[in-house]
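Right, one structure below, let's go through it.
The numbers here are math on the coordinates, done by the rules we state, and not lab data. As the structure is a prediction and not an experimental result, all values here were calculated from the model. For neighbour counting, all protein chains shown are included, and Cβ atoms are generated from backbone atoms with ideal geometry for every residue, glycine included.
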Amino acid sequence: MSITAAASIATIKTAIDALSSIQSAAVLRERIALIQDQMALLEKAAGQAEAKIADQAKEIEELRAEVASYRETEQYAEYMGALFKRKPGGRNGYQEVPYCPRCHTAAGRADDDTPYFCAACQWFSSFNAGEVGRIVRELE
Ligand SMILES: [Zn+2]
């Protein structure tokens, strides 16, 4: 049986309003039974609504995680095997520091003639540190 909560509440209100004019106990019992039936329907509807809210809260949580992951991915561009982070605040261009493509850690450098490296996972860039300015300009 499909019934809305508003319809159940309206039926209950009507039944309660009608109680004052009832003369016989049999009619009173009938009205009380009707109110109890409507209350049962409301309990069922409330349970379904709670379950639906719980499902939707879970879905929102999953979508939030997906958006956060997407934002994280969108702030980098991959080029020559390294990640370059977009400049903050919506400015055009990329920061002149490559990030590790595996763990997104800012890469370190020893000098211009050796590759960048990730201390966390031992990744090395395919280019030497001294080339990063040219590479970022190519990327832009
Ligand atoms: Zn790494």
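FRET efficiency for the Ala18 to Ala49 pair, using the beta carbon distance and R₀ = 25 Å, is estimated at 0.35. Could you work out the relative contact order of region 5-71, using alpha carbon pairs under 8 angstrom and six or more residues apart, expressed as a whole percent? Rounded, it is 36 percent for region 5-71. For the chain, the list of Cys residues with no other Cys C-beta under 4.7 Å reads Cys103, Cys121.
Looking at the chain, how many pairs of lysines come closer than 28 Å at the Cα, when each pair is eight or more places apart or spans two chains?
4
When the chain is treated as a GNM with alpha-carbon contacts under 10 Å, the residue of Thr14, Thr114, Thr73 showing the greatest mean-square fluctuation is Thr14.
For the chain, the dipole from Cβ point charges (+1 on Lys and Arg, -1 on Asp and Glu) about the Cα centre works out to 420 debye, to the nearest 20.
Against the chain, whose longest principal axis comes from its Cα atoms, helix 5-19 is set at around 20 degrees.
For region 75-139, the residue among Leu83, Pro115, Gly130 whose Cα projects farthest onto the positive side of the dipole built from Cβ charges is Leu83.
Here region 75-139 is assigned +1 on the Cβ of each Lys and Arg and -1 on the Cβ of each Asp and Glu. Its dipole about the Cα centre then comes out at about 380 debye. By its C-alpha gyration tensor, with a ≥ b ≥ c as the square roots of the eigenvalues, how is the chain shaped: rounded for a/c under 1.5, else prolate for a/b larger than b/c, else oblate? It comes out prolate by the Cα gyration axes.
Working note: Debye formula, equal point scatterers on the alpha-carbon atoms of region 75-139, no solvent; log10 I(q)/I(0) at q = 0.28 Å⁻¹ is -1.27. Projected onto their three principal axes, the Cα atoms of region 5-71 cover extents of 69, 15, 11 Å, largest first.
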